[in-house]
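A quick write-up on the structure given underneath.
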Amino acid sequence: MQMPNTILKINNLQRVFQVGSEEVHALRGISFVVSEGEFISIMGASGSGKSTLLNILGCLDRPTKGEYYIDGNPISKCSKDELSTLRNRKIGFVFQSYNLLARTSALENVELPLLYNNTISGKERREKAIHALEQVGLQDRMGHMPNQLSGGQQQRVAIARALINDPVILLADEATGNLDTRTSYEIMSLFQKLNLEGKTIAFVTHEPDIAQLTQRIIALRDGHITNDQTIEQKSAREVLDALPPSDTD
């Protein structure tokens with residue numbers, strides 16, 4: 001049986017920040033591997049190091065020491081331009097606050113990451129954006145502006161935007177943090193669907209209920225990994241079906 005590809009490889013990762021005369025050790029030598037097709041959650045309280053780790057995984061920051069490879073590419077040896085290219089081609093970001101342009105339609109918001117890719121024509125860019133919106137179930141909302149969409153629909157647009165480059169990994173930062181309970185589970189059901197279709201996902205959260213919907217939990221505390229375990233994944237759809245009807249149903 002063929003072994004899955006390694007998407008992320010972290011070895012003895014350390015990140016030290018200089019704050020005045022003090023050294024703050026945000027990450028203290030952590031190591032783990034994420035294989036193709038995994039759905040992991042990274043958990044930890046405020047100050048645990050999870051935001052620092054996410055910034056490094058997303059090629060927005062560099063470690064002070066240690067090694068980080070994404071899809072076989074050694075990050076420590078990349079120039080700023082190479083890091084920017086890796087971010088655009090290999091990683092799809094989904095944020096808590098959606099980060100959509102207010103006066104731009106859902107379709108145009110999804111097209112944005114491809115605007116600066118001169119190897120893709122305008123026609124192909126539009127086709128990819130339409131396909132990405134179909135993947136998240138918003139084919140009937142393509143012309144809508146963000147203020148015409150619910151919070152859950154806006155997050156689906158953000159997920160479609162993250163998918164458009166066919167990244168090797170989706171990085172989600174508290175992607176259900178601004179949503180009510182039912183909508184959170186709907187978004188997690190979508191992530192589970194994308195994972196079943198082959199997407200590798202790393203989901204940063206402080207909510208244990210959300211982490212239970214992934215396949216593996218990496219827990220951080222004070223810059224250390226305190227737990228890294230595979231779990232029996234709960235079905236977001238089953239949780240949704242068991243919730244009492246909401247006032248808007």
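We did not get these values from a lab; they are worked out from the coordinates using the rules stated. Quick caveat: nothing in here was measured; it's all calculated off a predicted structure. Please note: Cβ atoms are built from the backbone with ideal geometry, for glycine as well, and neighbour counts cover all protein chains shown.
Brief remarks on what is shown
- Listed peptides 237-244, 223-230 appear in the order 223-230, 237-244 once ranked by packing, highest mean of other Cβ atoms within 10 Å at the front.
- ³J(HN,Hα) computed for each position of the stretch 46-60 - Karplus, 6.51 cos²θ - 1.76 cosθ + 1.60, integer Hz, glycine/proline x: 4, x, 7, x, 5, 5, 4, 4, 4, 4, 6, 4, x, 6, 8
- Sequence-ordered 3J(HN,Hα) estimates for the stretch 113-130 from the Karplus curve with 6.51, -1.76 and 1.60 and θ = phi - 60° stand at x, 9, 4, 9, 9, 6, 8, 10, 6, x, 5, 5, 4, 5, 4, 5, 5, 4 Hz, glycine and proline given as x.
- Helix-derived mean residue ellipticity, 222 nm - over the chain, DSSP H n ≥ 4, -39500 (n - 2.57), to 500: -9500 deg cm²/dmol
- Here the 3J(HN,Hα) profile of the stretch 187-192, calculated from phi with Karplus coefficients 6.51, -1.76 and 1.60 at θ = phi - 60°, is 5, 5, 5, 5, 4, 4 Hz, Gly and Pro shown as x.
- Between the stretch 98-173 and the stretch 186-249, the Cα center-to-center distance that results, in Å: 22
- Annotation: amide H of G58 has no partner in the under-5 Å range at sequence separation 5 or more or interchain, hydrogens built in the peptide plane.
- Förster radius 51 Å - calculated FRET efficiency between S46 and N118 (Cβ-Cβ, nearest 0.05): 0.80
- Global form of the stretch 126-212, assessed from the alpha-carbon gyration tensor, a/c cut-off 1.5: oblate
- Prolate/oblate/rounded label for the stretch 62-208 (Cα gyration tensor, a/c 1.5): oblate
- Sites V24 and D166 - FRET efficiency at Förster radius 41 Å, r taken between beta-carbons, to 0.05: 0.65
- Build a GNM of the chain with springs between Cα atoms under 10 Å apart, and of G37, G58, G47 the one that fluctuates most is G47.
- Placing pseudo-labels 7 Å out from each Cα toward the beta carbon at Q14 and Q148 gives an inter-label distance of 5.4 nm.
- Selection from H25, I91, N118 lying farthest towards where the dipole of the chain points positive, charges on Cβ: N118
- The relative contact order of the stretch 120-209 comes to 29 percent, based on Cα pairs under 8 Å that sit 6 or more residues apart.
- Sparsely packed trypsin sites (Lys or Arg not before Pro) within the stretch 50-129, loop by DSSP, other Cβ within 10 Å at most 10: R103
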